[in-house]
Ligand code: ADE
């Protein structure tokens, strides 16, 4: 999968290319990242990418022209790479569709995606109307720019790419992969300050362990996020055994 990211802070993306399991996916060429700085597509000596809002008020607005020129450069670069099918242009924004695991599973099928990271108060609506396919939010709160949200979305997509994770099963075992929260986990020692690991996990009986994990996931989800139980039931993800 090819990621193209429009950002005035390209260094922030080292968080994903240089650390942890996501960095392995880049070095194994399972995914690629190109960052594009709209300041490189300005014509004035100060490399201006923002200006005051028409109508007044505090905060600056990202100008349409540098963003449009950046996007054009991305599209011409993609067209040179004959094997990659151009994907959607997505603006990170609290006004967008709220990202979740289901959407992550859809988007990870794409060959390419362009993420636009806004800074300042807003992005000129004319750029959005002409070039953005959809807006994506990571939740109902505001952070200072689109970079952290883009990193969150990319990390989630990369986890789902084939062979990105060391253990082939680990993305399937993530919470939410079955629409439920995760079960509790334990490691050594067996007795930690007189608190014991649940006995079923020590027995080596895979069927019983799987049943216990499923049951604990259902209990945790019912207790903390009953809305997810309702959603899982409506999607037919709960068996008769689960309902007991
Ligand atoms: N930019 C600022 N806040 C955001 C959010 N919650 N999601 C996506 N982009 C954002």
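The values are calculated or read from the model by the stated rules, or taken from the named source; none is laboratory data. Computed from a predicted structure; not experimentally measured. No Cβ is skipped: glycine too gets one built from the backbone with ideal geometry, and neighbour counts run over all protein chains shown.
Take the residues in region 134-153 that are in contact with a helix residue (DSSP H, G or I) (Cβ under 6 Å, 6 or more places away or on another chain) and under 16 Å from residue 89 (Cα atoms), then tell me which one is surrounded by the fewest Cβ atoms within 10 Å (Cβ to Cβ).
151
From the residues in region 81-94 that are more than 15 Å from the ligand (Cβ to nearest atom) and modelled with pLDDT of 95 or more, which one is farthest from residue 140 (Cα to Cα)?
Selected residue: 84.
Give the residues of region 78-92 that are over 30 Å from residue 237 (Cβ atoms) and free of Cβ contacts under 8 Å to residues at least 60 places away in the same chain, sorted by residue number.
Within region 78-92, 79, 80, 82, 83, 85, 86, 89, 91 meet the criteria.
So which residues in region 67-77 are under 25 Å from the mean Cα position of the chain (by Cα) and in contact (Cβ under 8 Å) with a residue 24 or more places away in the chain, if there are any at all?
67, 68, 70, 71, 73, 74, 77, listed by residue number.
Return the residue satisfying two criteria in turn: it lies in region 158-173 and is in contact (Cβ under 8 Å) with a residue 24 or more places away in the chain and within 15 Å of residue 20 (Cβ to Cβ), and of such residues it is surrounded by the most Cβ atoms within 10 Å (Cβ to Cβ).
The residue in question is 158.
With region 1-93 as the region, which strands (runs of 3 or more DSSP E) entirely inside it contain at least 3 residues that are closer than 18 Å to residue 157 by Cα?
Qualifying strands (runs of 3 or more DSSP E): 2-6, 32-36.
Looking only at region 102-112, which residues are loosely packed, with under 15 Cβ neighbours inside 10 Å and either in a helix (DSSP H, G or I) or at positive phi (or both)?
102, 106
Between a residue in region 124-144 that is in contact (Cβ under 8 Å) with a residue 12 or more places away in the chain and any residue that is within 15 Å of the ligand (Cβ to nearest atom) and in a loop (DSSP other than H, G, I, E, B), which pairs come within a Cβ distance under 8 Å, given they are 6 or more apart or on different chains?
136/99; 137/99; 138/99; 139/99; 144/119
Considering only residues that are more than 7 Å from the ligand (Cβ to nearest atom) and over 22 Å from residue 6 (Cβ atoms), which ones fall in region 141-164?
Residues satisfying the conditions are 159, 160, 162, 163, 164.
Going through 135, 106, 111, 102 one at a time, which residue ends up being within 14 Å of the ligand (Cβ to nearest atom) and either under 23 Å from residue 52 (Cβ atoms) or within 16 Å of the chain's Cα centre (by Cα) (or both)?
So the residue among 135, 106, 111, 102 that is within 14 Å of the ligand (Cβ to nearest atom) and either under 23 Å from residue 52 (Cβ atoms) or within 16 Å of the chain's Cα centre (by Cα) (or both) is 135.
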